[in-house]
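Contents: one structure, followed by commentary.
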Amino acid sequence: MRKSLQILFSLMFIAGSATLWFGCASKPINESDPKDVYQDAQDDIDNDRYLLALDKLRIVKSKFSYTSYGALAQLRMGDVYFLQESYPEAAAAYETFVELYPRHEKAPYALFRSGEAYFKDIPSTIARDLRSADSAINAFNQYLRKYPDGEYAQQAAQMKALAYDKLAEKELSIAEFYIRRKKPDSARLRLQKILDDYSGSSVTDKAKELLKSL
């Protein structure tokens, strides 16, 4: 009796697993058709099945790179990583799209989103590594140069300014550290960097005041 129950539970588990992995699609999928596989991945995204979606998008990207769906798969991989809050991976996927398809109609979107992904990855505290802020600024600068009147120009400019502020705040914090340690020359270098590299930031006026006081 116990053995029969074990077999029954095993069969139920297998059936449930099959439903999880293969029962998601509402219709049969033609794995030789990039459109079918891509749309199935899109259905996974809509239902928060991100890992399944990524697997299918990778298949489209590798097997059907010569089709329009190969390009879209690369772009959507960036979107999925972004939804997962895997921002470095998202930025890399968007950058790859821009490199491979610079004339694609979605290139402006991908370039902006790469900057947004880097921006989202900026630490909340200035005590940590802020390289993602530099990367965000670089991406936004590229976008604003290429598409000054683009759909995302205002958002890019706003996020760029916030990233500048973060970097300027870090320089100010270092300058204040040197001031407390009685190292005015080192403090001057940091304060001058704020005026030279981050002019117009939220801490520019304070940097000027401290520089005059040294």
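Please treat every number below as a calculation from the coordinates, not as lab data. Fair warning: this is a prediction, and the values are worked out from it, not measured in the lab. Cβ coordinates were reconstructed from backbone atoms using ideal geometry, including for glycine residues, and neighbour counts include every protein chain displayed.
List of remarks:
- ³J(HN,Hα), Karplus 6.51/-1.76/1.60, whole Hz, each residue of the range 74-79, x for Gly, Pro: 4, 5, 5, 4, x, 5
- In percent, rounded to a whole number, the relative contact order of the chain is 10, using alpha-carbon pairs under 8 Å and six or more apart.
- Relative to the longest principal axis of the Cα atoms of the chain, the long axis of helix 2-22 lies at roughly 60 degrees.
- The mean sequence separation of alpha-carbon pairs under 8 Å and at least six residues apart, normalised by the residue count of the range 28-84, gives a relative contact order of 30 percent.
- Only helical runs count toward this figure. For the chain, summing -39,500 (n - 2.57) over DSSP H runs of n ≥ 4 and dividing by all residues gives -25000 deg cm²/dmol at 222 nm.
- Violating pairs (Cα-Cα greater than 31 angstrom) within the set K56/K166; K160/K182; K160/K208: K56/K166; K160/K182
- Three-way shape label, the range 28-84, alpha-carbon gyration tensor, a/c 1.5: oblate
- Per DSSP, loop trypsin sites (Lys or Arg not before Pro) in the range 97-164 with at most 13 further Cβ within 10 Å: R103, R128
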